[in-house]
1. Among 71-78, 59-66, how do they line up by average Cβ neighbours within 10 Å per residue, starting with the highest?
2. Simple spin-label model, 7 Å along Cα-to-Cβ: Ser79 to Leu95 in nm?
3. Could you point to the residue in Val63, Ser52, Trp76 farthest towards the positive end of the range 44-85's charge dipole, with +1 and -1 charges on the Cβ of Lys/Arg and Asp/Glu respectively?
4. With a 10 Å radius around each residue's Cβ, average the other Cβ atoms per peptide and rank 105-115, 45-55, highest first.
Amino acid sequence: MAMSGVNLTQTNRPPFGSGEAREPMSDKKTTENLIGKGKAGPGRPKGVPNKSTAVAKEALQTVFDNLGGVEALERWVKSDPDNEKAFYVQVWPKLLPLQVNGAGADGEHIHAIKWID
């Protein structure tokens, strides 16, 4: 698509990799926050969910409840072997924790090996 009156092939800058020095894009040097005055705010406290995420989870919970909740999900899973496979392959793994801590002092897993004669 051609743009009339705009030539993108010619610039006053040397080509990249030519070894010639390039001018900085801006001569302005500022330490001021461009979005607002001063320092940025502290942000969201740790553990507080994003508002959009909370709203989405609440909406999904409402839909789940309106469709029959756990009982309806169980009926759906049992109604067809493909549904059961979909549940265990796609749904169930997303409900499991991403990291499982063990019983050790620092959350490590403890394994005992016992010899049987």
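1. Packing proxy ranking, top to bottom: 71-78, 59-66.
2. It is 1.7 nm.
3. Ser52
4. 45-55, 105-115
Taken together, the values in this text are just the output of simple stated rules run on the coordinates, not laboratory data. None of the values given here were measured: they were computed from a predicted structure. Quick reminder, even Gly has a Cβ in these numbers, built from the backbone with ideal geometry, and neighbours come from all protein chains shown.
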